[in-house]
Amino acid sequence: MNRLTTSRGGFDLTRFPEHPRDPFRAWDAADEYLLRRLEGFEDGAPADPVDLSGTVAVVGDRWGALTTALAGGHDLVQIADSHLARLATGANLARNDVDPSSVRLLTTRDTPPGRIDVLLVRIPKSLSLLEDQLHRLAPALHEDSVVIGTGMVKEVHTSTLKLFERLVGPTRTSRAVKKARLIFATPAPAASRTPSPWPLRYELPDDVGVTAGHTVVNHAGIFCAERLDLGTRFFLKHLPARTGPDRVVDLGCGNGVLGLAAALANPEATVTFLDESYQAVASAEETWRANGKPGAGAEFTVGDGLADAGPGSADLVLNNPPFHSHQATTDATARTMFVGARAALRQGGELWVVGNRHLGYHTQLRRIFGNCTTVAGDPKFVVLRAVKR
C-alpha cells in the first residue's frame, strides 16, 4: 500500500488484487500531474483551478486513484473497461472511508452520461479504445466543458492528439513533467460526430483448423483487434481433439476465437468465455452469435479470472495469457490464471496454454500442476498442456 498526497488530503491506495510483494503503485506521475492541474497548477506555475461542481467523468482510471481522490461534493462518474479497475476503485474508496454511492461506476459498454461538464481521460494503451470512447462521449460535451487527458510521455503520440482534435476540438499539450504530459481539448461544434467505426469484423484465414472462414467480431481495445494475432493463430492449429459434454473455459477470451474453435470441434461442449475486459466479453458474445451459436451452449462472464469458479467446474481451460499490465511487462497475470485454472479443473482436467517461448511458462506450470508437456512449438511460440492430477 502507498499513500497519495494531494491538496484534498492523503489517500492510501493499492492495486487489485492487493499483494504485499506487488512492486507497482496504484498511480503514477500522470495521475499526479492531472490532480495538480485540477487544483490550480500547470507546469509548476499557478493556474485557474478547474470547477468540479458539474458532472465529472473519469475515463480509464486504472486502479481508482483519480476517482478516490476526486470523490465527494459533485456528480462523479467513472467509466472503465477493466473489471479489475472497478474492483480496485471500490476497494480504494472503502479503504479511504469514501461512500461508494458518491461515485457512479460505469463500464465502456454502458450508456454514458447525457451531459459531461468535466471529462478527464487517462490515455489507454489502445488507441482504438480511446477513439471509440471519444466517439461515445463527445455528444455529451458542451462548449464550456473542460476536457483534459493525461498520460506518460511514451503514451501520448501525434496520433493521440489528432484523435482529440478530430473528435473533440482544438487541442494542445502541456510540457512534460516527470515524464508525464497533459492534453487539453476545447469542445467545438465542428468536431466529428460520426459513429464509431467499431466493432470490426473479419473472416479467419484458411489455415486455422475448424475456425477457417468463420467470422470474428472485435470491439475497440481488445488485443490485436484488427487481425488474428500470431500466437492465437498457432494455437488454433494445435488445439485438443475432444468429444463429449466438456465444460470448456476460454480464459482471457478476447474476441472468443479459442472458445469458438472448441465448440466447432466438439458440438457437445459448453463454453464459458471469461475476461476482465468488458470490451472483450462483448466481442466474444458477438463472435459466438455471428457464427450461429455453435456447441451446446455458452456463458459470457466478466470477472477476475477463475476466482469465482467452483472447484471441479471445468474439464478444459484454453488460455493465451497477457504478459503486459498497462506498460509493465509481468508474468503475474499468467501465474494467477494458471493457479485459478488448477483450482477450477476437475481431476484429470487439462489446461492448454500458448505463449512466447522465451516466457518460460513451462516452469510455472510444473510448479503449479506438478507436470507440463509441450504439445507443439516453433521458433517463437509453444503450446503447453498441464493436467490436474
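The values are calculated or read from the model by the stated rules, or taken from the named source; none is laboratory data. Model, not experiment: these values are computed from the prediction. Every residue, glycine among them, receives a Cβ derived from its backbone with ideal geometry; neighbour counts consider all protein chains shown. Heads up: the accessible areas ignore ligands, DNA and RNA and are worked out on the full protein's heavy atoms, side chains in. Shrake-Rupley method; radii C 1.70, N 1.55, O 1.52, S 1.80 Å.
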Q. Pick from the stretch 209-221 the residues that are touching a residue at least 24 places away in the same chain (Cβ under 8 Å) and farther than 17 Å from Cys253 by Cα: which of them is surrounded by the fewest Cβ atoms within 10 Å (Cβ to Cβ)?
A. Gly209
Q: Specify the residue that is farthest from Leu84 (Cα to Cα); the eligible residues are those in the stretch 61-72 that are outside any helix (DSSP H, G or I) and open to solvent by less than 30 Å² (accessible area, probe 1.4 Å).
A: Ala71
Q: Please specify each residue of the stretch 263-311 satisfying the condition of being β-branched (Val, Ile, Thr) and in a helix (DSSP H, G or I).
A: Val281, Thr287
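Please count how many residues of the stretch 336-363 are closer than 22 Å to Asp308 by Cβ, at pLDDT 95 or above and part of a helix (DSSP H, G or I).
Of the residues in that region, 8 qualify.
Got a sec? Which strands (runs of 3 or more DSSP E) wholly within the stretch 140-202 have at least 2 residues that are under 23 Å from the mean Cα position of the chain (by Cα)?
146-152, 180-185
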Q: Hey, can you tell me all the residues within the stretch 109-154 that are under 20 Å from Ser53 (Cα atoms) and small (Gly, Ala, Ser)?
A: Gly114, Ala138, Ala140, Ser145, Gly149
Q: Scan the stretch 24-68 residue by residue and report those that are in contact with a Phe, Trp or Tyr (Cβ under 6 Å, 6 or more places away or on another chain) and among the β-branched types (Val, Ile, Thr).
A: Thr68
